[in-house]
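The block underneath contains the structure these notes are about, expressed in structure tokens.
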Amino acid sequence: MDTSQILLEIDHLTKKFGDQTILQDVSFQVRKGEVIVIIGPSGCGKSTMLRCINALEEIQGGEIRVDGETVNAAGGNVRSADLARLRQKIGMVFQSYDLFPHLTVLDNITIAPLKVQKRNKAEIEQEAMQWLERVGLADKAKSFPRELSGGQKQRVAIVRALCMHPEVLLFDEVTAALDPEMVREVLDVMLDLAKQERTMLIVTHEMAFARAVADRVLFIDSGNIVEEGKPADFFTHPATERAQKFLHTFEFEAVK
Amino acid sequence: MPDLGLEVLFKGKNAVRLLGGLWIALRISLISVLISIPLGILLGALMTWKNPVMRAILRVYLEFIRIMPQLVLLFLVYFGTTRAFGWDLSGEVASVIVFSLWGTAEMSDLVRGALQSIPVHQYESAAALGMNRVQTYLYIIIPQTIRRLIPLSINLITRMIKTTSLILMIGVVEVLKVAQQIIEANRMASPNAAFGIYLTVFILYFLACWPISLLAKYLEKRWK
Ligand SMILES: Nc1ncnc2c1ncn2[C@@H]1O[C@H](COP(=O)(O)OP(=O)(O)O)[C@@H](O)[C@H]1O
Ligand SMILES: [Mg+2]
């Protein structure tokens, strides 16, 4: 493997809450332009893993590097100035709608590029508007988050992350809290990003979407990567029994 | 039309005296508010700290002030401390002390509530966008806290203004005391003056507090 292509390294990550071990010695690497989908049963630590990657959680073992620089390490000795800088390389969209309620859609998107990256206001607003146009929300630029539907909020959250020009995007079940008819509009935006060769780490329960978007699937259970593979292989003939069982929970037998 | 005794209002300097009384009440409230807001913000922020000793002390202070009727506090400070410590407090200064103690306690609780009502994911979203601590507070947390706080603290101000009617009990000649004096002085000539004068006092309080309440409602609606 060409190591110069590696963007994100999860290196022997161990995460505990108290004496409960959530992730046990997890390692994997994300190459530039790769889309990785992480699946696994509820409570297996998928959200926790993404939160460890951009250092929203302290870790108890191992190290996480982005572009070769340590963003989170056991012992937590990353300088806060470095952390703020490295987090800009990692965009994150959460499951809960996490827009800033006191700012308009446009201000939600531009505040960090303006204040953190000190970029030019006209330039960043133009970029924000182009993105909003692209995700079908240009007419909502002056609206407040409370005036948007869940699907619209998540599209804004994605645009907000994109306008920081991150090198890798983390998505944590961004459609899990949405009404079914809004799921599609958000997944379409993510598919669009995948086509542009963006590097993404996606946690999702949408199996059809996972299969369509992923270059690689990681199946996590009991704090570890149990199986990993290409989506075509993984979804048609999973190698491990646990993955088979998990995938089976998404199928229904006819009862009539 | 019944005799409301309103003519007393226009006798001599009575109207001006009432307004003067109102001004004293408003001035005491205003000074107390100006003292309470910064102290309340400070104590409120301290209340969200993890330190259990600090939290217990502030909690006791808040509960003590809340349980005590304001009149008892006024008596305690005006009569109690002047005897006990032998110092000389004017009624107005004693009032400002009591209202500041009260306002600070109430304000700190409002600030604590507003700060704690900001969900954790607001801090996390800001962090995920690369904001440092200062930026997070400056652009995300404080603006949201202030929006929640302003309508509440305006209501506190009107409560303070209304409660100043108690300070006549420690000899401060505020609007209600002036009203009593006017009524007393005209007892023979206009026995019905009580109605007209108290009605005027009612209207004065209303005029002082109503615009403030309106402002609170307006801000609440705008920032919802
Ligand atoms: N802040 C926390 N404190 C204690 N336990 C937590 C915390 N956050 C998550 N957990 C626990 O960690 C485990 C993994 O949670 P999570 O990463 O949210 O799972 P997933 O996203 O895969 O559903 C769960 O058992 C959960 O209860
Ligand atoms: Mg989760």
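Take B:Glu7 and A:Ala212, extend 7 Å from each Cα along the Cα→Cβ direction, and tell me the distance between the two endpoints in nm.
8.9
Before anything else, pin down the relative contact order of chain B: Cα pairs under 8 Å, at least 6 apart, normalised by residue count, whole percent.
35
Probe radius 1.4 Å, ligands and nucleic acids left out: which of A:Thr70, B:Thr200, A:Thr110 has the largest accessible area, and how do the rest follow?
Result of the area sort, largest leading: A:Thr70, B:Thr200, A:Thr110.
Which lysines have a Cα lying under 23 Å from the Cα of A:Lys16, excluding residues fewer than 8 positions away in the same chain?
Of all the lysines, those that pass the test against A:Lys16 - Cα under 23 Å, at least 8 places apart if same chain - are A:Lys46, B:Lys50.
Put a dot 7 Å past each Cα toward the Cβ at A:Lys195 and B:Ser213; how far apart are the dots in nm?
5.9
For A:Ile124, B:Ile24, give the ranking by accessible area with the largest first, probe 1.4 Å.
Correct descending sequence by accessible area is B:Ile24, A:Ile124.
Run the 1.4 Å probe and let me know the accessible area of B:Val173, rounded to the nearest 10 Å².
Around 60 Å² of this residue is reachable by solvent.
Which loop trypsin sites (Lys or Arg not before Pro) in the range B:45-119, with loop taken from DSSP, have no more than 13 other Cβ atoms within 10 angstrom of their Cβ?
B:Lys50
Please identify the helices of chain B, taking whole runs of DSSP H, that span at least 20 Å along their own axis as judged from the Cα atoms and have a mean Kyte-Doolittle score of 0.5 or higher.
B:14-47, B:52-67, B:91-116, B:193-222
With a probe of 1.4 Å, find how much accessible area chain B has per residue, and write the answer as a whole number in Å².
Per residue, chain B has an accessible area of 54 Å².
Which value in deg cm²/dmol, rounded to the nearest 500, describes the helix-derived mean residue ellipticity at 222 nm for chain A, given -39,500 (n - 2.57) per DSSP H run of n ≥ 4 and division by the residue count?
Helix contribution divided over all residues of chain A: -10500 deg cm²/dmol.
Could you sort A:Asp188, B:Asp3, A:Asp19 by accessible area so the largest value comes first, with the probe set to 1.4 Å?
In descending accessible area the options line up as A:Asp19, B:Asp3, A:Asp188.
For the range B:142-190, compute the orientation-averaged projected area of the C-alpha convex hull (one quarter of its surface), in nm².
Averaged projected hull area, Cα only: 4.8 nm².
Across peptide B:137-150, what mean number of C-beta atoms from other chains lies inside 10 Å of a residue's C-beta?
For peptide B:137-150, the averaged partner shielding equals 2.
Can you pull out the trypsin sites (Lys or Arg not before Pro) in the range A:20-85 that DSSP calls coil and that have at most 11 other Cβ atoms within 10 Å?
The qualifying sites are A:Arg79.
Taking each residue of A:100-112 in turn, how many C-beta atoms of other protein chains fall within 10 Å of its C-beta, and what is the average?
4
Can you tally the net charge around B:Leu199? Count Lys and Arg as +1, Asp and Glu as -1, for every other residue whose Cβ sits under 15 Å from the Cβ of B:Leu199.
Taking every other residue near B:Leu199 into account, the sum is -2.
In nanometres, what is the gap between the two model label sites at B:Ile57 and B:Gln116, each 7 Å from Cα along Cα-to-Cβ?
1.9
Ratio of the protein assembly as shown's C-alpha Rg to 2.2 N^0.38 Å, to two decimals?
That works out to 1.38 for the protein assembly as shown.
In whole percent, how big is the carbon plus sulfur part of the accessible area of chain A, probe 1.4 Å, protein atoms only?
That fraction is 47 percent.
As a test question: what accessible area, to the nearest 10 Å², does B:Tyr78 have when a 1.4 Å probe is rolled over all protein chains in place?
60
Would you compute, from DSSP H runs of 4+ residues alone, the mean residue ellipticity of chain B at 222 nm, taking -39500 (n - 2.57) per run and dividing by the full residue count, rounded to the nearest 500?
Calculated from helices alone, the mean residue ellipticity at 222 nm is -24000 deg cm²/dmol.
How about the range A:180-219: which GluC sites (Glu not before Pro) there are in a DSSP loop, with at most 11 other Cβ atoms within 10 Å of their Cβ?
Passing sites in the range A:180-219 are A:Glu197.
If you take the beta carbon distance between A:Ala81 and A:Asp11 as r and set R0 to 25 Å, what does 1/(1 + (r/R0)^6) give as a FRET efficiency, to the nearest 0.05?
Rounded to the nearest 0.05, the efficiency is 0.65.
Rounded to the nearest 0.05, what FRET efficiency is calculated for A:Gln130 and A:Asp188 with R0 set to 25 Å and r the Cβ-Cβ distance?
0.90
Of all the Cα-Cα pairs you can form in the range B:6-222, what percent are over 31 Å apart?
So the portion of pairs separated by more than 31 Å is 35 percent.
Roughly speaking, what % of Cα-Cα pairs in chain A are separated by over 30 Å, rounded to a whole number?
29
Just counting partner chain Cβ atoms within 10 Å, what average do the residues of peptide A:159-166 show around their Cβ?
2
Return the percentage of antiparallel bridges among DSSP beta bridges fully within chain A, rounded to the nearest 5 %.
In chain A, DSSP labels about 55 percent of beta bridges as antiparallel.
The values are calculated or read from the model by the stated rules, or taken from the named source; none is laboratory data. Every value quoted in this text rests on a predicted model; they were computed, and no experiment measured them. Neighbour counts are summed over all protein chains in view; Cβ atoms, including those assigned to glycine, are modelled from backbone coordinates with ideal geometry. We work out accessible area using only protein heavy atoms, side chains counted, and drop any ligands, DNA or RNA first. Shrake-Rupley method; radii C 1.70, N 1.55, O 1.52, S 1.80 Å.
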